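Values quoted throughout were computed directly from the atomic coordinates according to the rules given, and no laboratory measurement underlies them. Keep in mind it's a predicted model, so treat the numbers as computed, not measured. Every residue, glycine among them, receives a Cβ derived from its backbone with ideal geometry; neighbour counts consider all protein chains shown.
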Amino acid sequence: MNEFVVPALAPRATASPTGGGGRRVYVETYGCQMNAYDSQAILGRLGAAGFTQVADHLAADLVLINTCSVREHAEHRVISRVGELRRQREQAGLPAAVLGICGCMAERLQDDLTRRKHRIDLVVGVDRYGELPRLVAELFGGRDDPQPIVATGHDRDVHYVAPPELYPTNSSHLVTIHKGCDYKCTYCIVPYTRGPQSEKPPSVILAEIGAIVAAGGREVTLLGQNVTAYRWRDGLDFAGLLAEVARIDGLERIRFLTGHPCDLRPHLMDLIGREPKVCPWLHVPAQSGSDRVLKRMKRLYRRADYLAMVAYARRAIPEVTFSSDFIVGFPGETADDFAQTLSLIEEVRYDTIFTFKYSERPGVPAARLGDDVPLAEKKRRLAALIARQSAIWSEVAAAQVGQVWLAVVEEPARRPAGHWRLRTASNRKVIAPLTEPTPGELRRVRIIGWRASAFLGDPVA
Ligand code: SAH
Ligand code: SF4
Ligand code: F3S
């Protein structure tokens, strides 16, 4: 273990020898929560080097876009956003900012990015953020025509610790516990952009959460591509880590994302059911309900295994809820395969599903299978899956009316006025009118109705 990038917990506003002094940075984040966390780590690092964060890119000297490669659409969005940022500066009569691409696109496309028509000055891969102050100083260093800088490539020993005071003020603090992925599902680019799985040491995780609690945090969300596959050298697995985290005094709730169905073993589900601080919510993507498709995806479980896991969890974890991701139109997916996905969501009765049209990613194993489900058919299947889930959700939600739940106050709801968003331990969102709540506080609400993705509640004394 040679390096942990641990920014100072209180980023100093003073200029540093690396030369950020007085400059302003704007960071825009796409993709998953791993990126949200990394962006905080980037801001912590640059803050310690003397940069100030700004909320408007027009006010920035350095613009960083933290990107996602998981689907083609995600990459297109970033490329068009880069053009838009450039145009807006030109229209405002401002000189170009130093523009950097971070995240998964940086790792996938590397110096290809600097050859595109929107001039990109800096490409920084997911394990290279510790070098940002130095790289940026080079670009600001007064060379007449600085060449773009590309810093990519994986380093399994680099793990970030984001400073807690930079987190948004909602109630859950993100804590990445490992990075990368060794599963290599055939459709997925993540193992290539994030590299092999590598664990943040338990001592670092526990110290990080300790600091969050000391700064007033009461809830953490443990993050990773497959947190349930966590395994430290001496054999501490995810269940062991959860038990250690739960021992931290002052910490009230632990959530985690994402689980892999193969790792949801009985002893882990027993621990989740028994440990009051661990929230009864499992985000365990099934991807498909068809064994034929699951095999071609190399998901390593069958439909029956998945359903057995769900049944065990329902016995072991009181009030457990499930959410999942599904891909429609995977190469070779027939109408019958898709029908089995519909019947799987019928059987499991998820609270929430995230649905995606298959997007072929260059170089991954599934790219050799050919993208043979026509776009119109993918759209039809996606719409059918969403419609079925919405009908199931209405039944699930209707059965909750009249119940009284304890929920954490998160943030003001956009509407109606005076309403707040709350979240139960089982990840159910509730909108309720509250008088003078504090984010992070627990309130009791009676469920009186529901909308597409949230319940409506009334406060109970
Ligand atoms: N590690 C998590 C999440 C990975 S990415 C897991 O294993 O479940 C988030 C979701 O994006 C995946 O669950 C999958 O549903 C979707 N996804 C990944 N690659 C995709 C692709 N090529 N096309 C469409 N959706 C994809
Ligand atoms: Fe991608 Fe599969 Fe790894 Fe999830 S488990 S990140 S879907 S390869
Ligand atoms: Fe996207 Fe990379 Fe996350 S591809 S989903 S930002 S790991």
For labels at S343 and R247 in the simple 7 Å Cα→Cβ model, what's the distance in nm?
4.7
Among G449, P416, V460, whose Cα lies farthest out toward the positive end of the dipole of region 404-460, if unit charges sit on the beta carbon of Lys, Arg (+1) and Asp, Glu (-1)?
G449
Starting from region 270-301, pick out the trypsin sites (Lys or Arg not before Pro) whose DSSP state is loop and whose Cβ has at most 15 other Cβ atoms within 10 Å.
K298
Just flag the trypsin sites (Lys or Arg not before Pro) in region 63-139 sitting in loop per DSSP whose Cβ has no more than 13 other Cβ atoms within 10 Å.
R116, K117, R119
Separation of the H76 and A92 label points, Cα + 7 Å toward Cβ, nm:
2.8
Check V278: other-chain or 5+ apart residues with amide H under 5 Å from its amide H, H built from backbone geometry?
I254
Radius of gyration, Dmax [region 404-460; alpha carbons; angstrom]
9.7, 26
Please list, in chain and number order, the residues 5+ apart from S69 or on another chain whose amide H is under 5 Å from its amide H, with Hs placed from the backbone.
C104, M105
In debye, nearest 20: dipole of the chain around its Cα centre with unit charges on the Cβ of K, R (+) and D, E (-)?
840
Directionally averaged projected area (convex hull, Cα atoms, region 372-431), nm²:
6.4
Quick one: check the C-alpha center-to-center distance for region 334-377 versus region 188-233, whole angstrom.
29
Cut-off 10 Å between beta-carbons: net charge of the residues surrounding A229, Lys and Arg +1, Asp and Glu -1:
-3
Run the Debye formula on the Cα coordinates of region 42-143, all scatterers equal and no solvent, and tell me log10 I(q)/I(0) at q = 0.11, 0.12, 0.16 1/Å.
-0.32, -0.38, -0.70
Nonlocal amide H pairs with Q53, under 5 Å, H built at 1.01 Å:
V25
Residue by residue through region 49-58, the couplings from Karplus 6.51 cos²θ - 1.76 cosθ + 1.60 with θ = phi - 60°, in Hz, x for Gly and Pro, are 8, x, 7, 10, 7, 10, 9, 10, 5, 5
At 4 °C and 1.567 mPa s, grab the translational diffusion coefficient of region 210-338 from Stokes-Einstein with a Kirkwood Rh over Cα pairs, rounded to a whole number in µm² per second.
82
Geometric extent, Cα atoms of region 311-461 - Rg, Dmax (angstrom)
19.1, 60
Convert each backbone phi in region 405-421 into a coupling constant with the Karplus relation 6.51 cos²θ - 1.76 cosθ + 1.60 (shift: θ = phi - 60°), then list the ³J(HN,Hα) values in order as whole Hz, x for Gly and Pro.
10, 9, 9, 7, 6, 9, 7, x, 6, 4, 7, x, 4, x, 9, 10, 9
Dimensions (Å) - the chain, Cα atoms, principal axes, largest first
66, 55, 51
Rounded to the nearest 20 debye, what is the charge dipole size of region 4-151 about its Cα centre when +1 sits on each Lys and Arg Cβ and -1 on each Asp and Glu Cβ?
180
